[in-house]
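This report concerns only the one structure given below.
All of the numbers you see were taken from the coordinates with simple rules; none came from a lab. These figures come from a predicted structure and were not determined experimentally. All Cβ positions, even for glycine, are placed from backbone atoms using ideal geometry, and neighbour counts span all protein chains on display.
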Amino acid sequence: MRRCRTNGRRTTELRPLEIIRGYTKFAPGSILIRAGDTAILCSATIDESVPEWMQGKGLGWVTAEYDMLPGSTGQRRARSRQKTDGRATEIQRLIGRVLRAVVDRKALGERCIWLDCDVLQADGGTRTAAITGAYVALADAVKRLLTEKRIARSPIIEPVAAISVGKVDGRILVDLDYHEDVRAEVDFNVAMTASGKFVEVQGSAEGGTFTQDELDQMLRLSRSAIRRLITEQKKALTKRITSKKTAANR
């Protein structure tokens, strides 16, 4: 028997999405992104230096850190005080790779933009929501550099976003929540640019297999979903930030 999706969503329907800019006071880019019950704070900060191995090359760098806060899941997660666990390391490398793919590092100059993605609440799709939110934070940080005339032109080539897609109970579903993700026979994470170019496709069969037709369907549905996400990113970036309120005041 096939189960209904949470809130009666259609197979191709995204979870309710909210992107709030200027969520904290000090970071040049500060985004709260909510995808259903997943909530992530994405902060972009600017460092006027690059890693030592990049110095003197005239190129900038974009990198990310990712973590899940203690109260983000049903059981308390210990803070990563000494070292990042393997899963978090893999995810933050993914976020960095995807964002660097849409940045002209020469136009950025010898500076680094850090993207810190902290999961406040996890209900599936945290890595893809982090990518989608981190792009908006990056765009705001770049806007700060342009406003302050620290760069001559925007280094952002085009928008990028990401979505999860999988095969659950024999159906191909987009934007999996936690209860769908843990039952998925096949699970993919797809990152794509506004022009329809793939940046990253991660996927595997968890408890079954998938056909070429199913793979094609998952990629096709991911493309459509990401177009919708990029539309929402653009809408968020056109809104004026009226004040730098702190999270505590919201």
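Data overview
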item: Under the span-like rule (Cα at least 20 Å along the axis, Kyte-Doolittle mean at least 0.0), DSSP H helices of the chain; result: 126-147
item: Percentage relative contact order, the range 127-230, counting C-alpha pairs under 8 Å, at least six apart; result: 25
item: Set of aspartates and glutamates with alpha-carbon distance to Lys234 below 15 Å, sequence-local pairs under 8 removed; result: Glu18, Asp140, Glu158
item: Proxy reagent accessibility, fewest Cβ within 10 Å first, across Met68, Met192; result: Met68, Met192
item: The chain - percent relative contact order, Cα under 8 Å, separation 6 or more; result: 22
item: Built amide H within the under 5 Å cut-off of Gly124, gap 5+; result: Tyr178
item: Residues Thr211, Thr126 arranged by fewest to most Cβ contacts within 10 Å; result: Thr211, Thr126
item: Antiparallel DSSP beta bridges within the chain, as percent of all bridges there, nearest 5; result: 85
item: Residues Ile91, Ile131, Ile20 arranged by fewest to most Cβ contacts within 10 Å; result: Ile20, Ile91, Ile131
item: Computed FRET value (nearest 0.05) for Asp104 with Asp169, which takes r as the C-beta separation and R₀ as 41 Å; result: 0.40
item: Highest-MSF residue in the chain out of Glu232, Glu52, Glu90 [GNM, Cα springs under 10 Å]; result: Glu52
